[in-house]
Amino acid sequence: MTDTAITSQLIAEHGLTEQEYETVLSILGREPNITELGIFSVMWSEHCSYKSSRVWLKTLPTSGPQVIQGPGENAGVIDIGDGQAAIFKIESHNHPSYIEPYQGAATGVGGIMRDVFTMGARPIANLNALRFGDPSHPKTRHLVDGVVAGIGGYGNCIGVPTVAGEVNFHAAYNGNCLVNAMTVGLADTDKIFYSSASGIGNPVVYVGSKTGRDGIHGATMASAEFSEDAEEKRPTVQVGDPFTEKLLLEACLELMATDMIVSIQDMGAAGLTSSSVEMADKGGVGIRLDLDRVPMRETGMTPYELMLSESQERMLMVLKPGREDEARKIFEKWELDFEVIGEVTDTGSLQLFWHGEPAADIPVSPLVEASPVYERPWVPTQVPAELKTNRIETQESLSDSLKAMLQTPDLASRRWIWEQYDYMIRGETLQRPGGDAAVVSIPGTKKALAMTVDCTPRYCKADPETGGRQAVVEAWRNVSATGALPLAMTNNMNFGNPEKPAIMGQFVGCIKGMAAAGLALDFPVVSGNVSLYNETEGQAILPTPVIGGVGLLKDSARSVGLALDKPSETIVMIGATVGWLGQSLYARYVTGSDDGAPPPVDLELERETGLFIRTLIHDRLVSACHDLSDGGLLIGLAEMAMAAKNGAGRSVTIAAAPDGIPAHAFFFGEDQARYLVSTSQADTILSMARRADLPAQIVGQSDEVSGENSTLTIGTESPISLASLRSVHEGWLPGYMAS
Amino acid sequence: MHAAVIVFPGTNREKDMADALEKAGAPRPSMIWHREPDLPDGLDLIVVPGGFSYGDYLRCGAMAGNSPVMRAVAEKAKKGVRVLGVCNGFQVLTETGLLPGVLLRNARLKFICKHVRLRVENPTPGFTGAMADGTVIRVPMAHNEGNYFADTDTLDRLEGDGRVAFRYVDEADQPSEAGNDNGSQRNIAGVLNEGRNVLGMMPHPENAIDPAYGGDDGLAFFKSIVQ
């Protein structure tokens, strides 16, 4: 194969520009062979090199006293006290999921779990953020069905609960669905494993599944737009084996309990190439690999294929010398391959051999350092003018609007999805799917972690900077609404083609917004992932910078959910309402308007309001809390009423809108920095809010009636039965999927 | 009480099961790795917990059902040791032949994770003896293949012998179609062997042992086992 001529066509097929190829020549001082060309190609792909995004990612806040490890490792690590750490990251698997939804989504879940347990953590929860095209698009139903089954199939088998997520439907995702998977794990702070190789002569060990031809060039595929022939890329999609991953997880954790490991890295995108290069680069050492010793699933594989395969459920590690047999026993117990395939060297090069013959020789540090970095040209997004509330007119009653909105694709219940996920395995899930953030307790302690994924892409499209801020504050609010202190976030930047200045402008705007919000809220980014080129035939997705937020409850008994379980309480809204309808779901679904600027985000106010809410929860002044976001106040109230314990809801009477704000704007506006709380001590809360200089008002009252007879009454309108609201809210998604 | 929990590669609810037994007052059970040829002496209870034994890429429980450790479990069962199989464990026990019937794919072909209502029938010493006949407990299910099937003769015999241990019921405690999410024949959620010392059930009482985590109805079942 060293005979393969390196033609300009071959170079182009590997996604390298002429200029990038010139750099390859100068690094090697000669022409590369095909294996080396493949290695440069994947290492410098957008997916692995972050070449379009890196300059901007550096502007995000990534430090804080709680941060043990920020971006740059397999996952971020934060301190949660008592010698314990939470390890988490979010990652996209968008391109494969569109082509082959079940396997694409499944291996997305598998990949992110490996990132987390590679660092020594036992995964305790999975989350996912999904975007699909318009429900009427012919592919949408098939994608929803396959992606949900794939996520469930993988997570359920491995035994990690899937506890939270979010889903949007929008025509901009017709040609590119988004599948972002997040895993949260738990480790001891003195038992965290990193990827930096060290110790000249130490053995380099391959464990896990055998290598096949699946996923070759997956990273390159994820670095280009789709055209009509997207289906033809099916062979580049990997196939998941959650059973093997479960064995790998248990075997790795067993090995990690010993002191045999020097460093460890999972084989994700660009498989053996990126894992070996990253380990060598971080350690400032070389690595020699005898590729013929790699366990192979197929015959006739070449060094090129071995280095580029993205077969799943594999790990590379450096062991302490002389410990190979001891380590091998653990992997034999779990019936996994274990092979010493090379050693750490002092050459500074990645040297590959094939039956004793050299197959590639690339200096590691130039390969990594010369990785291209582009300051792509960008133009700022023209932010639309504020939508005047009085430009939206309606004759519809609030009750009818509420009913209509609860059965829209963006607000309908997601039960059909999360009932396909095992969300209670391990017995630690305190707050289940369907609330603001999931809460998972930490065994053997009073502590718990709150976690959520959030983004409002329509805000980001209209005003990327505000949208970037809003994604962060919504995740932060969702964590706060459980009573937890938000500690850090992970981000998944999903955008179109960065070579287009308008798309790059969306990216830059969102980053600026996220950076500002992260700084203002002491909410650093500790890990993340970028997925660009989410375009088909020139149509880009909405800018979708998903935030995964994690927070800590020191005492999980001082936490609340959103359900109105306690009768005869007062419902108080904390935060100010001007009735902002620009980019609201009400404007979109009831009046058909996509106009206007999204609601402004006041970071200082968010911070103060969140602190106030956490105090109320900690001091046990409230029995339920819900952050207000999509759909505004009335949707939030209905969600709280429908969530009541008996399953059929609790009756609520809602005060009329105050003078000066049109009723539909008051009830459906999406003003930020707002929460609803249910309390028996409304006077105390109102006077505390006055002292804190925060707006607060009574918006409703729950009564004794619950169950089938419960109703929701808005101002002077006739009561609506909650059973009928629940039926439309729960009915849309199953109905759509069955039709 | 000396309990053992069998762990296959791919088993994933062994911790939940051990937690539940412990919470009900039993000492921490022994975890038995599937390759161990002999089971300890003096066992009062063997549990085959939930998960995806050997990946369940073949028919669920088929590989585990033919494993050496299950032959050892079957021998113990013959001698009267109590055996409880939950979810994948139930599937394994039917594959081993310790229990009649099979677990088919759920009627609606989807994995289902939700709380269901189970009616205790034919209270049986050693398992449900301390629970009143007709007691309804709310516990979760989480499976893709929990649709209990057996031929009519077998079903009639099970009913006639009083070997239906649990049935799915609706909000009105009736064994209707509404309460039967996975489509099981005659709403059967759990069955006993002829000797009444082997019980298999699909739902997970081990995940209903604490009100803070969605309810503790499952604890009564484990207390009944442990007492």
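The values are calculated or read from the model by the stated rules, or taken from the named source; none is laboratory data. Since the structure is predicted, the reported quantities are computational estimates derived from the model, not experimental observations. Cβ placement follows ideal geometry from the backbone for every residue including glycine, while neighbour counts extend to all protein chains displayed.
In the stretch A:265-274, which residue that is among the aliphatic types (A, V, I, L, M) and crowded, with 24+ Cβ neighbours inside 10 Å is nearest to the other protein chains (Cβ to nearest Cβ)?
A:267
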Residue among A:262, A:277, A:294 that alone is out of contact with any helix residue (DSSP H, G or I) (no Cβ under 8 Å at 6 or more places or on another chain) and surrounded by 21 or more Cβ atoms within 10 Å (Cβ to Cβ) | A:262
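Which residue is surrounded by the fewest Cβ atoms within 10 Å (Cβ to Cβ), if the candidates are limited to the stretch A:585-630 and must be in a loop (DSSP other than H, G, I, E, B) and among the small types (Gly, Ala, Ser)?
So the first thing to find is which residues in the stretch A:585-630 are in a loop (DSSP other than H, G, I, E, B), and the list is A:590-602, A:619-623, A:628-630.
Filter once more, so that each one left must be among the small types (Gly, Ala, Ser): A:592-593, A:596-597, A:623, A:629.
On the way: A:592: 8, A:593: 17, A:596: 23, A:597: 17, A:623: 19, A:629: 21.
Restricting to residues being in a loop (DSSP other than H, G, I, E, B) and among the small types (Gly, Ala, Ser), the top hit is A:592.
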Within the set of pairs 6 or more residues apart or between chains, which connect a residue that is crowded, with 17+ Cβ neighbours inside 10 Å inside the stretch B:98-110 to a residue that is of a type in the set (A, V, I, L, M) and in a loop (DSSP other than H, G, I, E, B) with Cβ atoms less than 6 Å apart?
-> B:100/B:150; B:101/B:150
Starting from residues that are part of a helix (DSSP H, G or I) and crowded, with 22+ Cβ neighbours inside 10 Å, keep the ones in the stretch B:70-93 and report whichever is nearest to the other protein chains (Cβ to nearest Cβ).
-> B:88
Of the listed residues (B:197, B:193, B:187, B:144), the one being within 14 Å of chain A (Cβ to nearest Cβ) and either polar (S, T, N, Q) or touching a helix residue (DSSP H, G or I) at 6+ places or on another chain (Cβ under 9 Å) (or both) is B:144
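Identify all residues within the stretch B:16-27 that are within 14 Å of chain A (Cβ to nearest Cβ) and assigned to a loop (DSSP other than H, G, I, E, B); write none if there are none. Can you show your working first?
The initial filter retains those residues of the stretch B:16-27 that are within 14 Å of chain A (Cβ to nearest Cβ), namely B:16-24.
Correct list: B:24 only.
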Matching option when the condition is over 15 Å from residue A:94 (Cα atoms), of a type in the set (S, T, N, Q) and free of Cβ contacts under 8 Å to residues at least 24 places away in the same chain, among A:196, A:136, A:209 | A:136
Can you tell me which residue in the stretch A:531-545 is nearest to residue A:442 (Cα to Cα), limited to those that are in contact with a strand residue (DSSP E or B) (Cβ under 9 Å, 6 or more places away or on another chain) and not in a loop (DSSP other than H, G, I, E, B)?
-> A:545
Taking residue B:138 as meeting all but one of (1) within 13 Å of another protein chain (Cβ to nearest Cβ); (2) among the charged types (D, E, K, R); (3) without any contact (Cβ under 8 Å) to a residue 12 or more places away in the chain; (4) more than 15 Å from residue B:17 (Cα to Cα), write down the number of the exception.
-> (3)
Out of B:211, B:203, report the one residue that is surrounded by 24 or more Cβ atoms within 10 Å (Cβ to Cβ) and either within 14 Å of chain A (Cβ to nearest Cβ) or among the acidic types (Asp, Glu) (or both).
-> B:203
Consider residue B:63 carefully, then state whether it is among the hydrophobic types (A, V, I, L, M, F, W, C), touching a Ser or Thr at 6+ places or on another chain (Cβ under 9 Å) and buried (at least 16 other Cβ atoms within 10 Å of the Cβ).
-> yes
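Which residue, of A:548, A:528, A:582, is part of a loop (DSSP other than H, G, I, E, B) and buried (at least 23 other Cβ atoms within 10 Å of the Cβ)? Working first, answer last.
Working: A:548 fails: part of a loop (DSSP other than H, G, I, E, B); A:528 fails: part of a loop (DSSP other than H, G, I, E, B).
The conditions single out A:582.
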When residue A:664 is run through (1) farther than 21 Å from residue A:588 by Cα; (2) of a type outside the set (A, V, I, L, M, F, W, C); (3) touching a residue at least 60 places away in the same chain (Cβ under 8 Å); (4) part of a helix (DSSP H, G or I), the failure sits at (1)
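Which fully enclosed strands (runs of 3 or more DSSP E) of the stretch A:66-163 have 2 or more residues being within 14 Å of chain B (Cβ to nearest Cβ) and modelled with pLDDT of 95 or more? Give the steps one after another, and end with the answer.
Numbers: elements: A:67-69, A:76-79, A:84-92, A:122-132.
Per the criteria, A:122-132.
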Tell me which residues, restricted to the stretch A:323-360, are over 30 Å from residue A:37 (Cβ atoms) and either assigned to a helix (DSSP H, G or I) or out of contact with any strand residue (DSSP E or B) (no Cβ under 9 Å at 6 or more places or on another chain) (or both).
-> A:324, A:325, A:326, A:327, A:328, A:329, A:330, A:331, A:332, A:333, A:334, A:335
Restricting attention to the stretch B:94-133, report how many residues are within 23 Å of residue B:216 (Cα to Cα) and away from chain A (no Cβ under 14 Å).
-> 16
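Scanning the stretch B:35-60 for residues that are part of a loop (DSSP other than H, G, I, E, B), in contact (Cβ under 8 Å) with a residue 12 or more places away in the chain and within 14 Å of chain A (Cβ to nearest Cβ), which turns out surrounded by the fewest Cβ atoms within 10 Å (Cβ to Cβ)? Spell out the reasoning first.
Kept after step one, since they are part of a loop (DSSP other than H, G, I, E, B), are these residues of the stretch B:35-60: B:35-44, B:49-50, B:52, B:57-60.
Checking which are in contact (Cβ under 8 Å) with a residue 12 or more places away in the chain leaves us with B:35-40, B:42-44, B:49-50, B:52, B:59-60.
Filter again for within 14 Å of chain A (Cβ to nearest Cβ), leaving B:35-36, B:49-50, B:52, B:60.
On the way: B:35: 13, B:36: 16, B:49: 29, B:50: 29, B:52: 26, B:60: 27.
Restricting to residues being part of a loop (DSSP other than H, G, I, E, B), in contact (Cβ under 8 Å) with a residue 12 or more places away in the chain and within 14 Å of chain A (Cβ to nearest Cβ), the top hit is B:35.
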